[in-house]
Amino acid sequence: MLPIAPRSFRTIFLSDIHLGSRPAKAKFLIDFLRHHDAETIYLVGDIVDGWRLKRSWHWPQDHNDVVQKLLRKARKGTRIFYIAGNHDEFLRAFEGIHFGGIAVADRVIHDGADGRRFLVIHGDQFDAVVHNVRWLAYLGDRAYDAAIVVNRVVAAFRRLTGQPYWSFSSWAKVKVKKAVKFISSFQDVLAQEALRSEVDGVICGHIHHAAIERIRGVQYMNAGDWVESCTALVEDFDGNFEIITWAKIEAAKMTATGRPARAPLKEEVPEAA
């Protein structure tokens with residue numbers, strides 16, 4: 001494996017990890033957390049997938065390892081905020097409570113290193129489908145599960161043929177016209193909320209689409225996910241933001257070494273019907 005230099009940031013934003021679901025790329029995330037530290041970490045919702053855990057229990061050791069890794073960082077002095085999302089909305093009842101040094105909130109204001117202020121929120125509050133047509137949201141969740149199954153089959157085939165990881169579900173989502181329209185509408189609504197909150201920008205998750213864009217005169221940033229693209233939004237000590245796509249780094253390792261950086265991920269192996 002090629003050595004990766006550890007990096008330290010002022011802030012790391014992680015969203016949509018979906019621990020408790022089979023597609024969660026927990027091993028990728030553990031590797032990312034092993035190589036990255038920050039003064040503050042924001043967990044921007046859907047960290048635990050309560051919807052899927054209600055349907056069937058799935059909590060392998062690597063999902064537990066993610067939790068333990070975050071708790072260890074908290075014990076060593078990292079400030080960690082857990083912003084509840086729609087898949088872990090049960091945590092909204094615990095707003096203001098600390099668990100092992102991790103503070104639970106519905107939304108917070110992040111003060112950037114350069115003086116800018118950002119609203120940090122999962123974003124499901126502005127998804128009309130999630131709140132007004134609950135059954136359709138669950139149906140969409142099942143359809144998303146199907147796309148992830150296809151994603152695992154594609155990933156297994158690419159692995160067997162010596163190709164790096166690539167997300168079919170992420171590619172399909174941005175290619176579908178209605179999905180593109182939804183992403184654009186979601187970004188616009190979140191930008192409007194930032195204006196109402198009188199801040200300089202908004203940092204969110206929810207739609208599994210990492211981005212840094214200027215919308216309506218405010219900075220819109222989305223941390224992405226750890227189901228498809230494996231992305232994190234990071235802030236350096238000067239207040240500059242960037243998106244790290246860990247799947248690309250893993251792919252680069254594979255290209256350089258001619259083999260996978262580690263054993264195939266259990267989550268990506270197609271399950272028996």
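Annotations
- The set of residues in the range 93-112 being surrounded by 15 or more Cβ atoms within 10 Å (Cβ to Cβ) and more than 17 Å from Val202 (Cβ to Cβ) consists of Gly101, Ile102, Ala103, Val104.
- Meets criteria (of a type in the set (Val, Ile, Thr) and at pLDDT below 95) for Val133: yes
- Looking only at residues of the range 3-20 that are modelled with pLDDT of 95 or more and outside any strand (DSSP E or B), we find that the one that is surrounded by the fewest Cβ atoms within 10 Å (Cβ to Cβ) is Gly20.
- Scanning the range 42-66 for residues that are under 22 Å from Glu235 (Cα atoms) and not in a loop (DSSP other than H, G, I, E, B) turns up Tyr42, Leu43, Val44, Val66.
- Hits in the range 224-273 (condition: assigned to a helix (DSSP H, G or I) and at pLDDT 55 or above): Trp246, Ala247, Lys248, Ile249, Glu250, Ala251, Ala252, Lys253, Met254, Thr255, Ala256, Thr257
A quick yes/no check of all residues on (1) more than 18 Å from the chain's Cα centre (by Cα); (2) part of a strand (DSSP E or B):
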position	(1), (2)
Gln68	no, no
Arg72	yes, no
Ile80	no, yes
Phe90	yes, no
Ala93	yes, no
Val104	no, yes
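- The one condition in (1) surrounded by fewer than 18 Cβ atoms within 10 Å (Cβ to Cβ); (2) among the charged types (D, E, K, R); (3) at pLDDT 95 or above; (4) assigned to a helix (DSSP H, G or I) that Glu39 fails to fulfil: (4)
- For the range 186-209, filtering for residues that are touching a residue at least 12 places away in the same chain (Cβ under 8 Å), surrounded by fewer than 24 Cβ atoms within 10 Å (Cβ to Cβ) and in a loop (DSSP other than H, G, I, E, B) leaves 5.
- Here Phe28 passes the criteria (1) more than 16 Å from the chain's Cα centre (by Cα); (2) surrounded by 14 or more Cβ atoms within 10 Å (Cβ to Cβ); (3) part of a helix (DSSP H, G or I) except the one numbered (1).
The values are calculated or read from the model by the stated rules, or taken from the named source; none is laboratory data. Remember, it's a predicted structure, so these values are computed and weren't measured experimentally. Glycine also receives a Cβ, built like all others from the backbone with ideal geometry; neighbour counts cover every protein chain displayed.
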